[in-house]
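Have a look at the structure below before the remarks.
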Amino acid sequence: MKNKILQILYDLRHQPVISGVTLIGTALTIFLIMIVVMIQQIPVLPFAPESNRPRLLLGCNMHLESLNDNGVRCAGLSFNAAKKLYENLKGVESVSYFQQYAQKEDIKGPTGKLFLANGRKADADFFKIFDHTLLKGRFYTREEADAMENVAVVAETTAYKLFGDIDPIGQTFQYGFKPYRVVGVIKDNSPLATLGSGDVFIPTSHNDGDMSFEEYRGQTSVAILAEPGVDFGSIRNQVKARYAALSTELEESGWKAIYHESPYDIETVSFALGGINATPDMESVRKSRFLIFMLLLLVPAINLSSMLHSRMRRRISEIGVRRAFGCTRSRIILDIISENFLITLAGGILGLLLGIIVGINYAALYDTAQNIGKGGTPALSMMFNWAILLTALAVCFVLNIISAAVPAWQASRVNVVDAINANK
C-alpha cells in the first residue's frame, strides 16, 4: 500500500498543472458549497436566544385594500390588530408582542459617556419564547409592561459600559433620552438571532403610541411559540379565518384585509418574506437553492473530466509501457481512480479549511443588510450542516471518480504498440 501511494504521488508530481487544477477545482467546489450552506443554515438553526426556532412563527404585516378604488394601505400591525389576529390560538404555547427589528438608540449611564446600543421593545412574554440567560436580577413583569414602566433588561457588556464595576440592578440610565431603571442583566447574545437579540429591552403594551400609529397599522410584530408537535397549518387556518372576519368588519368602511399565509416559520422569514403586500413563495426559494447546488457540483465535474482526458493523453505512452510489462487493464483503471481519489480528498480538506476560515472571520457573510460587528459571527458548531457537507463531499467523490473512470477505461483499452509510440 505504501509503495502504491508513493507511486501515485510520483505520478501527480510529474503532472503538476493538471493535478493542481483538479485539486483547486475540488477545493473551490467544497468551499462554495460550504459558504452557501452557512448562509442558509445560520438563519434557521436553533441557538440561544432563538433555541425555539423549530416551533417559532412570526406574524408581522397588515395589507389593506380599498373596495371602492385601487387604494392600498400596507404596514406592520397595530397592537390591537395583532391581538385580534393572533391572541388565544389553539395549539399555541406562548404569544409575544414585540418590535421585530432592533433599533439603535443613544444610551448613557452615570459617567455621561454616550454610545449606541441595539434596543428592542417587547412585552413580558417575550422572555418565555426567546431564551435569554438571566445573570442578575429578573425580567420585567406583565404588570410593569402593561403599565409601560421605565424598567429595562440589559445585556452584560452594555451594563458594564454603563456602570462599570457597580452592580447595575436598580441603577438608572438614559435610553433614547428617557430614564430607565435596570431590573435584570442577561448574557450577551448574537445579533444573528435577528428576532430575539438586543442590548436593551424595554416594555411595550397596547398603550404604546410608537407601536400603533392607527387602528390596524403600526410596527407591532407577533412571536408565536407553537406547542410541541402542533402542525403549523392548523395555526394558519385559524389566522386565515380571523382575517376573513376582519375583512367583514372592515366592509362598512370600504376596506378588506388581505391574507398572505401568515404566520410565517423562521425559514420563510429568513428567505422568502418580501413585500408586505405579497405572499412568500418558499417553493421558488427551494428550487433556486437546489439549482445552485447542482451547478456548484456539475460545472466543476465537467471541467475536471476534460482535465482528466488531457492527463490521459499525456500519459498514454506510460500506460503502453506498463501494459507491455504485464500490468492488467483493471490495475491501470484502479491506479488512475486512486490518484483522482487522493486529489479529491486533499481538495475536500482544503475546501473545508477555507470555509472554516471565511466563516469565522467574515461576519458580513451572514447578514449583508446590517453591520453585525464584533461577536456577529456564529460558533463553529453553528456554521455547518455536516450532513449536507458530507453529502456534497461524497457527490464530489462520485463525480470525480466517474470523470476519472471513463478516460481510465479508454486509456486501458488502447493498443499497446500504438500507446508506446503515441508521443513519437
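The values are calculated or read from the model by the stated rules, or taken from the named source; none is laboratory data. In this text, all values refer to a predicted model and were calculated from it rather than measured experimentally. We place every Cβ from the backbone using ideal geometry, glycine too, and count neighbours over all the protein chains shown. Please note that ligands, DNA and RNA were not included when accessible areas were found on the heavy atoms of the full protein model with its side chains. Shrake-Rupley method; radii C 1.70, N 1.55, O 1.52, S 1.80 Å.
So that you can scan it fast, the table gives a plain yes or no per residue for (1) part of a strand (DSSP E or B); (2) in contact with a Ser or Thr (Cβ under 9 Å, 6 or more places away or on another chain); (3) of a type in the set (V, I, T); (4) without any contact (Cβ under 8 Å) to a residue 24 or more places away in the chain:
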| position | (1), (2), (3), (4) |
| --- | --- |
| M38 | no, no, no, no |
| P43 | no, yes, no, no |
| L58 | yes, yes, no, no |
| D69 | no, no, no, yes |
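Report whether or not L135 is of a type outside the set (G, A, S), part of a strand (DSSP E or B), open to solvent by 10 Å² or more (accessible area, probe 1.4 Å) and more than 30 Å from I39 (Cβ to Cβ). Before you say what the answer is, go through the steps one by one.
Details: of a type outside the set (G, A, S): yes; part of a strand (DSSP E or B): yes; open to solvent by 10 Å² or more (accessible area, probe 1.4 Å): yes; more than 30 Å from I39 (Cβ to Cβ): yes.
Spelling it out, L135 is indeed of a type outside the set (G, A, S), part of a strand (DSSP E or B), open to solvent by 10 Å² or more (accessible area, probe 1.4 Å) and more than 30 Å from I39 (Cβ to Cβ).
Determine which single condition P228 fails, assuming it passes every other condition in (1) assigned to a loop (DSSP other than H, G, I, E, B); (2) more than 18 Å from S94 (Cβ to Cβ).
Among (1) assigned to a loop (DSSP other than H, G, I, E, B); (2) more than 18 Å from S94 (Cβ to Cβ), P228 violates only (2).
Given the structure, is A122 within 25 Å of the chain's Cα centre (by Cα), within 30 Å of T157 (Cβ to Cβ), surrounded by 21 or more Cβ atoms within 10 Å (Cβ to Cβ) and at pLDDT 95 or above?
Numbers: within 25 Å of the chain's Cα centre (by Cα): yes; within 30 Å of T157 (Cβ to Cβ): yes; surrounded by 21 or more Cβ atoms within 10 Å (Cβ to Cβ): yes; at pLDDT 95 or above: yes.
Yes.
Here are some conditions: (1) part of a strand (DSSP E or B); (2) under 28 Å from the mean Cα position of the chain (by Cα); (3) more than 14 Å from T204 (Cα to Cα). I107 meets all but one. Which one does it not meet?
Here I107 clears every test but (2).
Listed here are the residues, each with its yes/no results for (1) within 30 Å of A152 (Cβ to Cβ); (2) in contact with a Phe, Trp or Tyr (Cβ under 6 Å, 6 or more places away or on another chain); (3) β-branched (V, I, T); (4) open to solvent by less than 10 Å² (accessible area, probe 1.4 Å).
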position: F201; (1), (2), (3), (4): yes, no, no, yes
position: E215; (1), (2), (3), (4): yes, no, no, no
position: T220; (1), (2), (3), (4): yes, yes, yes, yes
position: L225; (1), (2), (3), (4): yes, no, no, yes
position: D231; (1), (2), (3), (4): no, no, no, no
position: V239; (1), (2), (3), (4): no, no, yes, yes
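Name the pairs whose Cβ atoms lie under 6 Å apart, with the first residue in region 220-238 and closer than 24 Å to A75 by Cα and of a type outside the set (A, V, I, L, M), the second part of a helix (DSSP H, G or I) and open to solvent by less than 10 Å² (accessible area, probe 1.4 Å), and 6 or more positions between them or separate chains?
T220/A82
For R314, are the conditions met, namely being more than 22 Å from the chain's Cα centre (by Cα) and at pLDDT below 65?
For R314, the condition - more than 22 Å from the chain's Cα centre (by Cα) and at pLDDT below 65 - is met.
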